[in-house]
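Written below as structure tokens is the structure these notes are about.
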Amino acid sequence: MELRKLIQEEHIKTRKLWEEIFTEDTPEFLDYYYSVKTKDNEIYVIEEDDKIVSMLHLNPYQMRIGKQVYHTHYIVAVATDENYRKRGYMAALLKHVVRVMTDRGEPFTFLMPAAEAIYKPFGFEFIYEQKRGKIKGRRNLDKSLEVVEATEENCGEIADFANDFLKEYDVVTWRDVSYYKTLLAEQASENGGILLAKQNGQLEGVFCYAISEAEDGENASDKHFEIREPLCRQKEDLEHIIWFLTGNENESVFCTGYGEETRPMIMAKVLHPELTGDLKTTNVFLNEVV
């Protein structure tokens with residue numbers, strides 16, 4: 001068994017294991033991930049029998065804690081070939097990357113767990129809950145909102161809006177032009193994009209969306225919309241965006257950030273408590289992108 005960090009040119013070698021383990025991800029998403037995200041992420045693997053049998057990806061994110069911005073990593077794609085499980089490979093990878101990030105002075109690391117029980121023994125705890133639910137659209141006749149598709153030229157404007165919108169949070173993913181360029185590419189891989197709501201030329205809301213095609217038993221023309229990470233001050237603006245997507249006021253659209261249901265979503269492991277304080281009692285807003 002050999003545990004090592006891949007060089008960037010080797011990152012594509014992990015796609016086969018990803019496809020075998022995370023079967024819900026589409027080829028289009030993986031095309032995006034392996035052409036965009038693996039350009040600057042870190043991938044640690046365990047090799048045996050001359051092949052990659054276990055992996056863990058560290059995707060970089062800037063995190064604002066108070067007024068200071070820190071370099072952190074989001075753990076994704078923790079996976080082991082089913083023929084090589086129960087050998088402690090996942091534990092070895094987690095312990096190794098935690099040492100690496102701690103030595104680099106990163107304040108904490110975070111992940112979206114498949115199950116809490118997997119990561120709790122390694123010191124991870126839930127720090128962020130997310131509202132979610134289905135919402136119907138409504139055309140806002142009292143307010144002349146202009147809705148436009150964002151392009152890379154809008155990314156600076158969006159980042160400024162988002163950072164100002166989220167300024168009340170103590171711990172938040174810091175957004176810049178690069179963040180939104182990457183997010184545009186991710187949403188495009190899921191047939192979506194980013195919609196901007198403007199009033200008199202001023203940006204009032206940012207809405208990421210994805211579109212999935214018809215499922216078995218449905219009409220081929222049926223599409224399912226999903227709103228992600230909506231940033232808006234008025235629910236009416238969100239309802240108008242849903243109406244803009246669906247074209248009617250009867251269809252319910254799944255939305256994160258609003259709704260009746262709340263579920264724990266992000267777990268974190270504090271690496272330097274002197275920088276973070278107690279994240280469980282801190283006002284946190286974290287992203288759900290990969």
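Readers should treat all values here as calculations from the given coordinates under stated rules, not as data from a laboratory. It should be emphasised that the depicted structure is a prediction, and the values quoted were computed from it without experimental measurement. We place every Cβ from the backbone using ideal geometry, glycine too, and count neighbours over all the protein chains shown.
Considering only DSSP states other than H, G, I, E and B, which trypsin sites (Lys or Arg not before Pro) in segment 233-277 qualify as loop sites with at most 13 other Cβ atoms within 10 Å?
ARG233
At what distance in angstrom do the alpha carbon centres of segment 144-197 and segment 235-290 lie from each other?
Value for the Cα centre distance between the two parts: 14 Å.
Using Cβ contacts closer than 10 Å as the measure, can you line up LEU275, LEU94 from fewest to most?
LEU275, LEU94
I'd like the Karplus ³J(HN,Hα) series for segment 64-70: coefficients 6.51, -1.76, 1.60, θ = phi - 60°, whole numbers in Hz, and an x wherever there's a Gly or Pro.
8, 10, x, 9, 9, 9, 10
Relative contact order of the chain, please, whole-number percent, based on alpha carbon pairs below 8 angstrom and at least 6 residues apart.
23 percent
Got a sec? Charge dipole of segment 130-261, +1 on Cβ for Lys and Arg, -1 for Asp and Glu; which of CYS155, ASN191, TYR258 is way out at the positive end?
TYR258
Please determine, in degrees from 0 to 90 and to the nearest 10, the orientation of helix 177-188 with respect to the longest principal axis defined by the Cα atoms of the chain, where the helix direction is its Cα long axis.
Relative to the chain, helix 177-188 is tipped by roughly 80 degrees.
So what J values fall out for segment 34-49 if you push phi through Karplus, 6.51 cos²θ - 1.76 cosθ + 1.60 with θ = phi - 60°, rounded to Hz, Gly and Pro as x?
3J(HN,Hα) across segment 34-49, in whole Hz: 7, 9, 10, 5, 7, 6, 10, 9, 10, 10, 10, 9, 10, 10, 8, 6.
Output wanted: per-residue J couplings in Hz (rounded whole) for segment 95-101, from phi through Karplus 6.51 cos²θ - 1.76 cosθ + 1.60, θ = phi - 60°, x for Gly and Pro.
Using θ = phi - 60°, the values come out as 5, 5, 5, 4, 4, 4, 5 Hz.
Given contacts defined as C-alpha pairs under 8 Å and at least six residues apart, what's the relative contact order of segment 2-124, whole-number percent?
Once divided by the residue count of segment 2-124, the mean separation gives 22 percent.
Which order do GLU82, GLU157 fall in if you start with the one that has the fewest other Cβ atoms within 10 Å?
Lowest to highest Cβ neighbour count: GLU82, GLU157.
Just name one of CYS208, LEU245, ALA268: the one whose Cα is farthest towards the positive end of the charge dipole of the chain (beta-carbon charges, Lys/Arg +1, Asp/Glu -1).
Farthest along the dipole direction, towards plus: ALA268.
Determine the relative contact order of segment 109-225: mean sequence separation of Cα pairs under 8 Å and six or more apart, normalised by residue count, in whole percent.
19 percent
Once you charge only the Cβ atoms, +1 for Lys and Arg and -1 for Asp and Glu, what is the size of the charge dipole of the chain about its Cα centre, to the nearest 20 debye?
Using Cβ point charges on Lys, Arg, Asp and Glu, the chain gives about 980 debye.
Tell me, how many Å apart are the Cα centres for segment 6-34 and for segment 116-136?
Spelled out, the Cα-based centre of one part sits 24 Å from the other.
Here are a few candidate values for semi-axes √(5λ) of the Cα gyration tensor in Å: (1) 34, 23, 17; (2) 68, 17, 14; (3) 42, 19, 17. Which one was actually calculated from the structure I just gave you?
(1)
At 222 nm, what value in deg cm²/dmol follows for the chain if DSSP H runs of at least 4 each add -39500 (n - 2.57) and the sum is divided by all its residues, to the nearest 500?
Using -39500 (n - 2.57) per qualifying helix, the result is -7500 deg cm²/dmol.
Treat the count of other C-beta atoms within 10 Å as a stand-in for reagent exposure and order CYS155, CYS208 from fewest to most.
Ranked by crowding around the Cβ, least crowded first: CYS155, CYS208.
Which cross-chain or sequence-distant (5 or more) residues have an amide H under 5 Å from the amide H of TYR61, H modelled 1.01 Å from N in plane?
THR72, HIS73, TYR74
What is the set of long-range amide H partners of SER54 at a cut-off below 5 Å, with H atoms built 1.01 Å from backbone N?
HN-HN under 5 Å from SER54: ILE46, ASP81.
Mind putting a number on the dipole of segment 2-124 about its Cα centre? Charges go on the C-beta only, +1 for Lys and Arg and -1 for Asp and Glu, and I need it in Debye to the nearest 20.
Charge dipole of segment 2-124: 660 debye, to the nearest 20.
Students often forget the sequence filter, so: which lysines lie under 21 Å Cα-Cα from LYS134 once same-chain residues fewer than 8 apart are removed?
Once the sequence-local lysines are set aside, what remains near LYS134 is LYS223, LYS235.
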